[in-house]
Amino acid sequence: MIRTIPFTLAALLALGATAAAQTLAAIELERPALRSEATITGKIVRIGDLVDHAGIIANVPIFRAPDLGSTGTISADRVLEAIRVHALVGLDPGPISEITVTRASRAIAAHEIETRIAAALAKEFALGETADIALKFDHTLRTIHVEPAAKGALRVTQLRFEPRSGRFDASLDIPGEASAKLSFSGVATVTAEVLTLTRPLARGDVIKAADVAMARRPRADVGADVLADASKAVGLAARNTINVGRSLRAADLMKPEMVQRNESVTIVYEVPGIMLTVRGKAMDSGAEGDMIDVLNVQSKRTVRGTVVGPGRVVAHSMAARVVAASEPASSAVSSNARDGAQ
């Protein structure tokens, strides 16, 4: 029994030392410490926003917050100076020299505002589809930040529109957020999609898919023959020079020319059972199916023909002569037959 007493005392002393160490470690963990960054809501920065374990003074305001959605920095020395009067014991800034402070917000993108106003104009004034309304604002439209508590959908509350000038005034708000009142003004234009050129074309240039793009133009400036479908232009040729960005009209296009004026061509004379080809010279330009004049370089006679392919023209005048020449023979045969029958 005598020997067990020192052992028990030693054990108790060891346990006491361990508990003391754990208590000191817990105290060490809960010591006030500066944060390197903080995200806050509201207009005021409080001690607890910048200091961990600030205790009863955590809700004490010390600085004004940045603007909604903005980020700012503040030096650790300024923070310590502001807290000193509140007697926060044990605060050690450590290696932190400045604190980054961000004010939380709900961001309303510029395109969301534009879409809401365009949709309201289209519906209330029967201007067509929302996508057809182009808005030009009096002031540059930027992303707007409101309090994160403003959870409602953006809503147009007032709207005025002058059809002749296109001027509009719109007021928007977010339900449940009294401070989120937004006002905008500008000009609204009703547009239509048209086909435009991405490169200049000379007469006869054939249009490829890469040469055209869709663009929007004021509907009032879009004629009935302006094209809005690339498939109606690709593969056709420019009738005249067309500049970049110009809206394409049906009248601007033609079938690709397969024969050029003064080009050497092959003239085909064709009747049932007979086909002759001779060298010729095109007197006109023409696309497939066009009627043009060609010069027979052997007979020096000009004939009329149809373009049927690159450098190839089918003439019609010989067919007429062959038929005409065959009529007397036919008549003679019929006459002889009648004579024989008699």
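The values are calculated or read from the model by the stated rules, or taken from the named source; none is laboratory data. The shown structure was predicted, so the numbers you read here are calculated from the model rather than taken from an experiment. In this analysis, Cβ positions are derived from the backbone assuming ideal geometry, glycine residues included, and neighbour counts consider all displayed protein chains.
A few comments on the model shown:
- The stretch 95-105: number of residues that are surrounded by 15 or more Cβ atoms within 10 Å (Cβ to Cβ), free of Cβ contacts under 8 Å to residues at least 60 places away in the same chain and either in contact with a Ser or Thr (Cβ under 7 Å, 6 or more places away or on another chain) or farther than 19 Å from residue 72 by Cβ (or both): 1
- Number of residues in the stretch 140-161 that are free of Cβ contacts under 8 Å to residues at least 12 places away in the same chain and either of a type in the set (A, V, I, L, M) or not in a strand (DSSP E or B) (or both): the value is 1.
- Index of the failed condition, residue 220 passing every other in (1) assigned to a strand (DSSP E or B); (2) modelled with pLDDT under 90: (1)
- In the stretch 199-241, the residues that are surrounded by 12 or more Cβ atoms within 10 Å (Cβ to Cβ), over 27 Å from residue 261 (Cβ atoms) and of a type outside the set (D, E, K, R): 212, 213, 215, 218, 222, 226, 227, 228, 230
- Wholly enclosed strands (runs of 3 or more DSSP E) of the stretch 246-321 bearing at least 3 residues within 30 Å of residue 229 (Cα to Cα): 257-259, 301-309
- If the condition is being closer than 13 Å to residue 211 by Cα and of a type outside the set (S, T, N, Q), then the stretch 233-251 contributes 233, 234, 235, 236, 237, 238, 242, 244, 245, 246, 248.
- Tabulated pairs, the stretch 127-138, first β-branched (Val, Ile, Thr), second in a strand (DSSP E or B) and crowded, with 16+ Cβ neighbours inside 10 Å, C-beta under 7 angstrom, 6+ apart or interchain: 133/188; 133/190
- Here residue 168 meets the list (1) surrounded by 13 or more Cβ atoms within 10 Å (Cβ to Cβ); (2) in a loop (DSSP other than H, G, I, E, B) almost entirely, failing just condition (2).
- Residues of the stretch 193-211 that are part of a strand (DSSP E or B) and over 15 Å from residue 247 (Cα atoms): 206 alone.
- Failed item, numbered, when residue 118 is tested on (1) surrounded by fewer than 13 Cβ atoms within 10 Å (Cβ to Cβ); (2) in a helix (DSSP H, G or I): (1)
- Residue check, residue 142 basic (Lys, Arg), under 16 Å from residue 189 (Cβ atoms), surrounded by fewer than 18 Cβ atoms within 10 Å (Cβ to Cβ) and modelled with pLDDT under 95: no
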